[in-house]
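Heads up: the structure comes next, in structure tokens.
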Amino acid sequence: MLRLLPIAAAAAVLAAGPAMAADAARMTYDVYVGGLRMLEVTSGLSLGRDRYDIALSAHVVGVAATFSDWRSNVQSSGGLDGPQVRPARNVVERINGDDARTTTITFLGGGRMDVEIVPSKKPKRDQTIPPEHLVHAVDPLSGVVSILQALHVGAAACQGQVPVFDGRRLYRADITDGGAVMLQKSDLGMYGGETQHCTLKLTPMVGDFNFGDERRTTKPTEYFQRSSRAPDERVIETWLASPGGGLPAVPVRIESESPWGRVIVHLRAVAAGAS
């Protein structure tokens with residue numbers, strides 16, 4: 001049961017919305033899994049003229065909090081060149097009781113990356129994914145920034161293909177434009193109205209996708225084991241809109257699937273100012 005938490009948090013990564021250029025905003029999201037509120041996520045992003053900084057924090061709530069104090073903090077930073085992002089550093093901290101692990105990715109250019117995992121259960125090894133596969137790769141949060149930055153500067157946002165690297169695994173992210181959609185306001189969220197619908201399909205490419213599963217098969221398990229479209233991909237639907245107050249578009253609702261039920265992320269609150 002605890003292993004559904006990284007799945008829900010992965011869907012919630014898309015909840016890291018932008019602030020106004022040179023300003024900051026703070027968003028609060030609720031993540032429901034199988035109809036139960038499982039996670040609270042806060043996020044904020046600063047988009048400057050040539051630099052971005054994004055942070056996300058998640059922790060368990062409700063029923064899940066009675067048997068776990070799992071929490072995670074994620075930070076990414078890098079450069080901006082129009083709609084293009086150039087990630088520089090990504091840090092992911094996961095904490096569950098006395099067990100904590102931090103993964104740091106430093107982007108060196110040309111597909112070269114320095115990956116540090118502390119503590120490491122195995123001796124540190126050289127990167128097993130060929131650098132040529134990582135030339136245009138971004139970390140998950142920077143991948144979200146690339147979509148939102150494109151919207152921010154008026155470029156085509158919900159289209160294309162992006163390699164996504166989390167320090168151990170390489171995914172292919174296919175992004176498609178679902179057009180303008182009227183989203184009915186939910187009692188669990190703050191927004192209803194016109195949205196931009198985007199579909200993100202994640203397909204495993206290279207790396208260990210068993211996520212600690214003792215079976216150690218060569219096929220992806222857990223995160224990719226259930227999808228309405230194919231068993232080896234994860235489909236995430238997101239609806240983008242300005243929540244008001246002069247803010248640009250942010251994810252106002254996100255939906256995906258998991259082995260434990262449907263994952264739905266609702267935007268609950270937005271506040272202008274420092275995150």
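No lab work stands behind these numbers, since they all come straight from the coordinates. Not measured: the values here are computed from a predicted model. We place every Cβ from the backbone using ideal geometry, glycine too, and count neighbours over all the protein chains shown.
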* Asked: Which FRET efficiency value, to the nearest 0.05, do you get for ASP174 and HIS133 by plugging their Cβ-Cβ distance into 1/(1 + (r/R0)^6) with R0 = 22 Å?
  -> 0.85
* **Nearest-0.05 FRET efficiency for SER186 and ARG101, computed from C-beta distance (R0 35 Å)** => 0.55
* **Gain in span if fully extended, ARG268 to GLU255, counting 0.36 nm per residue against the direct Cα distance** => 3.2 nm
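Work out, step by step, the length gained on full extension between VAL61 and GLU93: first 0.36 nm times the residue separation, then minus their alpha carbon distance; give nm to one decimal.
9.7 nm
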* Would you work out which of PRO87, SER76, THR102 lies farthest towards the positive end of the dipole of segment 56-108, given +1 charges on the beta-carbon of Lys and Arg and -1 on that of Asp and Glu, about the Cα centre? => PRO87
